[in-house]
Amino acid sequence: MIDLIKQFEAVPVTYPDAPTGLSTAASALDEDMIWARIEAFIAHRFSAREVVWTLQGNGGDQFHPRLTPVVSRVAHFWGDQWEALTLLDGPLGVCLPFDGTYRITAQVGAGAVPAPVSEAFRRLAEYLAPGEEHPGASGFKVGLAPIDLEETRSAAWVAKAMQLSGAGDLLRPYRRA
């Protein structure tokens, strides 16, 4: 059995471009913030970055990386110090040749952003953008005399943005590597 001790994922130098067709308010939002929220929700990466997995396993175990696509990788085994070794691919992942602690350093992320992911970005950005819509509003009251406007929002409306915007449904196929 493999125990994943630590996973470190670097922040990419650049994220993909935002999709076109966003409202002015949605375009004004920080694109990197929206991409970071989407990538925290899924296992697929569309811009390159380094990921380091430190794990313990037994000989014959196979490690399936939790992020995809893995473009390249190097591996080290801990003896008295980190020693380089070559790990072979098996049917379920990377094969560990013997018991011990391993460090796998990989370059992850490549490819064009699929249409469902672009649409999820658009939905999330439009949901978070300030405007005439009132996302997360659970109550809204308007008075007529001296204009009295009152709005009630759930305290978690931003935290639930992925689900409430509909972006999470589009991203479901990208949740697992």
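With a ≥ b ≥ c taken as the square roots of the eigenvalues of the C-alpha gyration tensor of the stretch 72-130, please select rounded if a/c is under 1.5 and otherwise prolate if a/b is larger than b/c or oblate if it is not? Prolate, since a/c reaches 1.5 and a/b exceeds b/c.
Solvent-accessible area assigned to carbon and sulfur over the chain amounts to 54 percent, based on a 1.4 Å probe. The helix-only estimate of mean residue ellipticity at 222 nm for the chain, built from DSSP H runs of length n ≥ 4 each weighted as -39500 (n - 2.57), is -5500 deg cm²/dmol after division by the residue total.
Looking at the chain, the accessible area is 59 square angstrom per residue; that uses a 1.4 Å probe and ignores ligands, DNA and RNA. Between the entries (i) 59, 17, 12; (ii) 44, 17, 13; (iii) 25, 19, 15, the label attached to semi-axes √(5λ) of the Cα gyration tensor in Å calculated for this structure is (ii). Label-to-label distance, ALA40 versus ALA177, with points set 7 angstrom from Cα along the beta-carbon direction: 2.0 nm.
Provide the gained length on full extension for the span TRP157 to ASP30, in nm with one decimal, where the gain is 0.36 nm per separating residue minus the Cα-Cα distance.
43.9 nm
Taking the convex hull of the Cα atoms, report for the stretch 22-127 its projected area averaged over all directions, in nm².
Hull-based average projected area comes out at 8.0 nm².
Qualifying chymotrypsin sites (Phe, Trp or Tyr not before Pro) in the stretch 56-110, where qualification requires a DSSP coil assignment and no more than 16 other C-beta atoms within 10 Å, comprise PHE98.
The values are calculated or read from the model by the stated rules, or taken from the named source; none is laboratory data. All of these numbers come straight from a predicted model, not from anything done at the bench. Cβ: placed from backbone, ideal geometry, glycine included. Neighbour counts: every protein chain shown. Please note that ligands, DNA and RNA were not included when accessible areas were found on the heavy atoms of the full protein model with its side chains. Shrake-Rupley method; radii C 1.70, N 1.55, O 1.52, S 1.80 Å.
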